[in-house]
């Protein structure tokens, strides 16, 4: 049953990555509150994947840069300029993809 849950999470992660990538590509059409929702969903996915991989907050394998501060992303995502918001959406999508690949390896 646990493998089925992990497979579902990997599939859901892939769908979220596609959604984030699409939003980043058309960031001018994504309203600030929608950005905030997308970033919150991405942050939750990253946290879930880290839990699945048993990566603690202080682990050396955590990324540096913007993806390492999920709380800040949640707070500030609605007020960022378009170019920066698009880049953040791409970065969180990359992190979700990277972690999903690691989760797949553990299944």
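Tabulated results
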{"read-out": "Test result for residue 94, at pLDDT below 95, within 17 Å of residue 14 (Cα to Cα) and over 12 Å from the mean Cα position of the chain (by Cα)", "value": "no"}
{"read-out": "So residue 83, is it more than 14 Å from the chain's Cα centre (by Cα) and modelled with pLDDT of 90 or more", "value": "yes"}
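Every residue, every condition in (1) outside any loop (DSSP other than H, G, I, E, B); (2) out of contact with any helix residue (DSSP H, G or I) (no Cβ under 9 Å at 6 or more places or on another chain); (3) surrounded by fewer than 20 Cβ atoms within 10 Å (Cβ to Cβ); (4) modelled with pLDDT under 90, yes or no:
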{"position": "58", "(1), (2), (3), (4)": "no, yes, yes, yes"}
{"position": "63", "(1), (2), (3), (4)": "no, no, yes, yes"}
{"position": "72", "(1), (2), (3), (4)": "yes, no, yes, yes"}
{"position": "90", "(1), (2), (3), (4)": "yes, no, yes, no"}
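The values are calculated or read from the model by the stated rules, or taken from the named source; none is laboratory data. Predicted model, so just to flag it, every value in this text is computed and none were measured. As a convention, Cβ positions derive from the backbone with ideal geometry for all residues, glycine included, and neighbour counts pool all protein chains shown.
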